[in-house]
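Report on one structure; see the data block that follows.
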Amino acid sequence: MILSNALTEGQVALILGKTEEILERTGLGVTHPVLLARCRAAGARVDEGEGRVRFPRPMLRELLAAVPATYTIAGAGGLRYVVGDDAAPTACLAIVTDPWIIDYDTGEPRRPRLEDLRRHTAIAQALPSVVATSLMDFPLTDVPEPISSLRAMEEWALGQDKHFYNMATDMVRYRHCLALAEILFDGRDPGGAAMTVAVGSLSPLAFSDLNAEFLLDACARGFPVVPTVCPIAGMSSPYTVASTLLQGNAEVIGIAALTQAARRGNPYLYAMGPSVGHMRSTHDMYYTLDKVLWKVASVQLGKAYHMPVAAECGGSMTCRYDQQNGAEGMLFMLAAAGSGAHLLAGIGSTYNAIGMSAEMMLIHTAWLAASQYLQHGIRTDDARLGVENIERAGPGGNFLMDDLTLRFLRSDEFFSHELFDYSGGVEALADSPSLLVRAHKAVEQMVANPQSPHPGQVQENIRRYFAGRYRQLGA
């Protein structure tokens, strides 16, 4: 495999050992009384006055052993996918909005509109590799407050029936997602497979009461928990690649232990998103090339714990559709695909992880197809090696009508994708659209007449629910 390892076996063992040392000696900052009680009952050393939970190594290992190696997620449309199954096809999580949208006509970032969210949701719904979607809580510029965020959630719910991530920023929004799950599944009970709940850390090594509330409720319902652990080197983690990886792992594993203390056997998805602090501007540089190493290394660590693992799939520091964007995005996608992660998160993300576009959603799927092709390597079975074909053609022959040519001409033997430009010659450039133009044309076709995938009564129930919330806000 290409880019399948960033750490040696010895380095993996070193980081796992140092993680145990940190969680045993330093622990996590936790102040939520219910979660503290659960941790004490599980065998952790709890100091309520200090607000600290420390995990003795034997107890930590016991908790981590309870994390299921696989779990199932469900969508309202009938989709079911086993996360953690190494034999399953690569699955993706798509975002549908971000603080910035890269406008196709101007090439510049702008704030999101309702139509952007509608289009992106339709694309996520249409892409076969996407099994789940997430919605960032960011207001729409063409919908007034106080209903802007709710209107975005309504449009998202109407436009997709796949598994969804509850990435709430407060308990009100969290409960909206719970209500949506009941409406979308329309009396069917998918149990804990209905949604995944994101639970964040406050780097370094702190866990807020709000995230404790999310975690406890998710575990009570059996929802999978995914940590949002994003240490920033030089700011919220030490300024080296290795130390930021170690701290990120300690936080991910600490939250895994908290999850199992809350409910043994609750599904948990190993994930982290380290980045680099720009020490002059204090900006968070999320998609630098260091991300390639962190992606691969984090998957190695997650698999060492025998947990389901996610990795960020693409991205670029720039909003421009230029050489840097292509180089960074393809390297990131190749690293993610080669890592063996069970779920690739962030289809469509670009511009330092605060921007996205419809075109990038399709470009990412093209890069994923290219990455998957490269991961196959070269197949050298008897049919493909072609010894007899070479000998039969002999010196000066050709293979235009050779049986191998006819057999594999329309197969996946050589890479091909409809978004890539294969014109090759200068004379054809004027008639051959670029990858970006091809992606835009495909987008326009996909969103020309989007239809809600839900039955009419479910659509009506969604609209009634949000109409009631609008009235409560006086809108």
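The values are calculated or read from the model by the stated rules, or taken from the named source; none is laboratory data. The structure displayed is predicted, hence computed values, not measured ones. Positions of Cβ are generated from backbone atoms using ideal geometry, with glycine treated the same way; all protein chains shown enter the neighbour counts.
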Inset, instruction - Taking residue 43 as meeting all but one of (1) on the phi > 0 side of the Ramachandran plot; (2) surrounded by 16 or more Cβ atoms within 10 Å (Cβ to Cβ), write down the number of the exception. - result: (2)
Legend entry - Residue in the range 414-427 that is among the polar types (S, T, N, Q) and within 30 Å of residue 78 (Cβ to Cβ) present: no
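Kindly indicate whether residue 53 is farther than 30 Å from residue 355 by Cβ and either among the charged types (D, E, K, R) or crowded, with 19+ Cβ neighbours inside 10 Å (or both). Steps first, please.
Working: farther than 30 Å from residue 355 by Cβ: yes; either among the charged types (D, E, K, R) or crowded, with 19+ Cβ neighbours inside 10 Å (or both): yes.
For residue 53, the condition - farther than 30 Å from residue 355 by Cβ and either among the charged types (D, E, K, R) or crowded, with 19+ Cβ neighbours inside 10 Å (or both) - is met.
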Inset, instruction - Tell me which of these residue 129 doesn't satisfy, since it passes every other one: (1) under 30 Å from residue 29 (Cβ atoms); (2) touching a strand residue (DSSP E or B) at 6+ places or on another chain (Cβ under 7 Å); (3) not hydrophobic (A, V, I, L, M, F, W, C). - result: (1)
Inset, instruction - Scan the range 79-105 residue by residue and report those that are assigned to a loop (DSSP other than H, G, I, E, B) and closer than 30 Å to residue 441 by Cβ. - result: 79, 89, 90, 96, 97, 98, 99, 103, 104, 105
Legend entry - Residue in the range 377-411 that is farthest from the chain's Cα centre (by Cα), counting only those that are exposed (fewer than 11 other Cβ atoms within 10 Å of the Cβ) and charged (D, E, K, R): 391
Inset, instruction - Have a look at 421, 412, 431, 381 and point out the one that is farther than 30 Å from residue 285 by Cα and touching a Ser or Thr at 6+ places or on another chain (Cβ under 7 Å). - result: 421
Legend entry - Single match in 98, 105 (criterion: over 21 Å from the mean Cα position of the chain (by Cα) and in the same structural domain as residue 144 (by TED's automatic domain parsing)): 105
Legend entry - Residue in the range 427-462 that is modelled with the lowest pLDDT, counting only those that are exposed (fewer than 13 other Cβ atoms within 10 Å of the Cβ) and either touching a helix residue (DSSP H, G or I) at 6+ places or on another chain (Cβ under 8 Å) or among the acidic types (Asp, Glu) (or both): 427
Legend entry - Every pair of residues 6+ apart whose Cβ atoms lie under 6 Å, when the first sits in the range 194-221 and is in the same structural domain as residue 260 (by TED's automatic domain parsing) while the second is acidic (Asp, Glu): 201/251
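Pick from the range 145-157 the residues that are under 15 Å from residue 471 (Cα atoms) and touching a residue at least 24 places away in the same chain (Cβ under 8 Å): which of them is surrounded by the fewest Cβ atoms within 10 Å (Cβ to Cβ)?
Of all residues in the range 145-157, those under 15 Å from residue 471 (Cα atoms) come to 145-151, 154.
Of the ones still in play, those that are also touching a residue at least 24 places away in the same chain (Cβ under 8 Å) are 146-147, 149-151, 154.
Numbers: 146: 13, 147: 18, 149: 20, 150: 21, 151: 20, 154: 22.
Per the stated criteria, the residue is 146.
Out of 111, 119, 80, I need the residue that is at pLDDT 95 or above and within 30 Å of residue 303 (Cα to Cα). Which one?
Values: 111 fails: within 30 Å of residue 303 (Cα to Cα); 119 fails: within 30 Å of residue 303 (Cα to Cα).
Just one listed residue meets the conditions, 80.
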Inset, instruction - Mind listing whichever residues of the range 187-227 are part of a loop (DSSP other than H, G, I, E, B) and of a type in the set (Asp, Glu)? - result: 189
Inset, instruction - Might you let me know whether the range 248-255 holds any residue that is part of a helix (DSSP H, G or I), free of Cβ contacts under 8 Å to residues at least 60 places away in the same chain and within 19 Å of residue 100 (Cβ to Cβ)? - result: no
Legend entry - Checklist (1) at pLDDT 95 or above; (2) within 30 Å of residue 314 (Cα to Cα); (3) loosely packed, with under 13 Cβ neighbours inside 10 Å applied to residue 87, failing item: (1)
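Can residue 371 be described as among the polar types (S, T, N, Q) and either in contact with a Pro (Cβ under 8 Å, 6 or more places away or on another chain) or in the same structural domain as residue 183 (by TED's automatic domain parsing) (or both)? Outline the logic, then answer.
Working: among the polar types (S, T, N, Q): yes; either in contact with a Pro (Cβ under 8 Å, 6 or more places away or on another chain) or in the same structural domain as residue 183 (by TED's automatic domain parsing) (or both): yes.
When the stated conditions are applied, residue 371 passes them.
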